[in-house]
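Student: My structure is below; once you've seen it, I'll send some questions.
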Amino acid sequence: MEKKNIDWSNLGFGYMVTDKRYVSMYKDGAWDDGALIEDDKIVMSEDAGVLHYSQSIFEGLKAYTTEDGRIVCFRPDLNAERMINSALRMEMPPFPAERFIDSVVQTVRANAAWVPPYGTGATLYVRPLMFGISPVIGVKPAEEYMYRVFVTPVGPYFKGGATPIAIKVSDYDRAAPRGTGHIKAGLNYAMSLLPVMEAHREGFAENLYLDPATRTKIEETGGANVIFVDEDGNLVIPTSESILPSITRRSIHYVAEHYLGLKVTERVVTLKEVEDGHFREAGLCGTAAVISPLGCINDHGKEIMFSNGMEKVGPVIQKLYDTLTGIQAGRIEAPEGWIVEICKG
Ligand SMILES: *Cc1c(COP(=O)(O)O)cnc(C)c1O
């Protein structure tokens, strides 16, 4: 297979139209068989449910080439399961887990020429999405849905290595208790766009959201979970009903415990503990960057610095990053079922 003529090492994180996408329609109470198609455009009614009442959910995962030349993806079963949970909360018909995995495999295989070669740092970003497509005028769920998977090659998140970032404690809230913070719905992002642009204008990479009820507990940022390393070098992971269950974060939990022998605690973490300097290192985790090291959290002008500062990555975060990316790339043996082979590269 001939790879596309792309300068893989200089790709950014952007959208590019690739050859094929997978589409399945839900009509008359059932999903159709689904198929790979070429048309990247969608034609729909001006009254489509998604355009009015935002019935829209998505997933994000990566396909990439391992050191020994296989095209694989990472734990797609967890994306499948999470998308089912998102659908149920949005009163949308869940797309079956085994069909989700099959649709990801089919789409990546059909676009194998777009999967970046090993060693370039680039990956193929896979975006499954689902939305209400039939006309809806009174407030109610749509009757018809489109499920779709497309892929786009993206560059290494950190060109020339990770450097710590600074984030700010936000005055906005991300997700209400008993709301939709725990599902991957577009609506959670829509309302975060103003806060994140404000944060960028003030020179911060992201917002750190607190729990809306008491504004004392750490939730997460707009698009990544937060992890902390305590004074003993152990991992502390904030919990809350409204945190999105990041697959990267859950994988880091396992890697910390089983590969690095760290103690891992999942518990409520207060902003006060962070301000009192109880944590030595911190990071943001998500599929795109794996782990972004935190240098500083700014709480209304008060700077909480982590021991690595703004220049270096702390040793525990570095080790977690190296181990997880080593497992993903096939340099370190993966736990059973984490790496799903799609085809030869
Ligand atoms: C997608 C997402 C994450 C990261 O999840 P991964 O499965 O690790 O990619 C974290 N927080 C939010 C709000 C998200 O939407």
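The values are calculated or read from the model by the stated rules, or taken from the named source; none is laboratory data. The structure displayed is predicted, hence computed values, not measured ones. Backbone-built Cβ (ideal geometry, glycine too); neighbour counts: all protein chains shown. The area values use the complete protein model at the heavy-atom level, side chains included, leaving out ligands, DNA and RNA. Shrake-Rupley method; radii C 1.70, N 1.55, O 1.52, S 1.80 Å.
Student: Amide H to amide H, which residues 5 or more places from T221 or on other chains are under 5 Å from it, using H placed in the peptide plane?
Tutor: Y209, V226
Student: For labels at M25 and A190 in the simple 7 Å Cα→Cβ model, what's the distance in nm?
Tutor: 2.4 nm
Student: How much length would be gained if the chain were fully extended between F13 and A176, taking 0.36 nm per residue of separation minus their Cα-Cα distance, in nm to one decimal? Before the final figure, lay out each step's value.
Tutor: Values: separation 163, 0.36 × 163 = 58.68 nm, distance 2.97 nm.
Full extension from F13 to A176 adds 55.7 nm.
Student: Further question on the same structure: At q = 0.08, 0.09, 0.12 Å⁻¹, what base-10 log of I(q)/I(0) does the Debye formula yield for the chain when every alpha carbon is treated as an equal point scatterer in vacuo?
Tutor: -0.40, -0.50, -0.91
Student: Translational D (Stokes-Einstein, µm²/s) of segment 126-224 at 20 °C and 1.002 mPa s when Rh comes from the Kirkwood sum over C-alpha pairs? Each step should come with its number before you reach the end.
Tutor: Numbers: Rh = 16.3 Å.
It comes out at roughly 132 µm²/s.
Student: Here is a follow-up. Most mobile of G295, G181, G34 per a Gaussian network model of the chain (Cα springs, under 10 Å)?
Tutor: G34
Student: Give me the percent of the accessible area of the chain that comes from carbon and sulfur atoms, probe 1.4 Å, all protein chains in place. Mind showing how you got there, number by number?
Tutor: Working: 7970 of 15400 Å².
That fraction is 52 percent.
Student: So how compact is segment 201-274: Cα radius of gyration and Dmax in angstrom?
Tutor: Spelled out, the Cα radius of gyration and Dmax of segment 201-274 are 13.0, 41 Å.
Student: Then there is this: Pick from V105, V229, V43: which residue has the top mean-square fluctuation in a GNM of the chain where Cα pairs under 10 Å get a spring?
Tutor: Of V105, V229, V43, the Gaussian network model singles out V43 as fluctuating most.
Student: Now for a different question. Rank L294, L88 by accessible area, highest first, at a 1.4 Å probe radius?
Tutor: Working: L294 0, L88 105 Å².
If we order L294, L88 from most to least accessible, we get L88, L294.
Student: Same structure, new question: Less than 19 Å apart at the alpha-carbon level, and either on another chain or at least 8 residues along: which lysines does that give for K62?
Tutor: Qualifying lysines at Cα under 19 Å: K3, K4, K20, K159, K184, K344.
Student: I'd like the Karplus ³J(HN,Hα) series for segment 133-143: coefficients 6.51, -1.76, 1.60, θ = phi - 60°, whole numbers in Hz, and an x wherever there's a Gly or Pro.
Tutor: 10, 7, x, 9, 10, x, 6, 6, x, 5, 9
Student: When the chain is modelled as a GNM with alpha-carbon springs shorter than 10 Å, which of I218, I42, I137 fluctuates the most?
Tutor: I42
Student: What nm distance separates the two modelled labels at R250 and E333, each placed 7 Å from Cα along Cα→Cβ?
Tutor: Simple spin-label model gives 2.4 nm for this pair.
Student: Quote the Stokes-Einstein diffusion coefficient, in whole µm² s⁻¹, for segment 175-217, based on the Kirkwood radius over alpha carbon pairs, a temperature of 20 °C and a viscosity of 1.002 mPa s. Let's see the in-between values first.
Tutor: Working: Rh = 11.5 Å.
D = 186 µm²/s.
Student: Now for a different question. Taking only the alpha carbons of segment 8-155, what extent do you get along each of the three principal axes, in Å, biggest first?
Tutor: Between the extreme Cα coordinates on each principal axis of segment 8-155 lie 52, 27, 23 Å.
Student: Could you calculate the contour length gain from K344 to M44, that is, 0.36 nm times the residue separation minus the distance between their Cα atoms, to one decimal place in nm? Provide the component values of the computation, followed by the final result.
Tutor: Values: separation 300, 0.36 × 300 = 108.00 nm, distance 3.68 nm.
Using 0.36 nm per residue and subtracting the Cα-Cα distance, I get 104.3 nm.
Student: If N is the number of residues in segment 165-328, what value comes out of its Cα radius of gyration divided by 2.2 N^0.38 Å? Provide the component values of the computation, followed by the final result.
Tutor: Details: Rg = 14.7 Å, N = 164, 2.2 N^0.38 = 15.3 Å.
Here the answer is 0.96, to two decimals.
Student: On to the next question. Over the Cα atoms of segment 53-105, compute the convex hull volume and normalise it per residue, giving Å³.
Tutor: On the way: hull volume 3.7 nm³, N = 53.
Output value, Cα hull per residue: 70 Å³.
Student: Starting from 0.36 nm per residue, how many nanometres of slack lie between E2 and R89 once their C-alpha separation is accounted for? Could the numbers behind the result be given before it?
Tutor: Numbers: separation 87, 0.36 × 87 = 31.32 nm, distance 4.24 nm.
Residue separation times 0.36 nm, minus the Cα-Cα distance, leaves 27.1 nm.
Student: Continuing with the same structure: Taking the mean number of other Cβ atoms within 10 Å as a proxy for protection, how do you rank 68-77, 304-313, 6-15 from highest to lowest? Write out the running numbers ahead of the final one.
Tutor: Working: 68-77: 19.0, 304-313: 16.1, 6-15: 13.3.
Descending mean neighbour count gives 68-77, 304-313, 6-15.
Student: Can you spot the lysines whose alpha carbon is less than 18 Å from K140's alpha carbon? Ignore those fewer than 8 places along the same chain.
Tutor: K27
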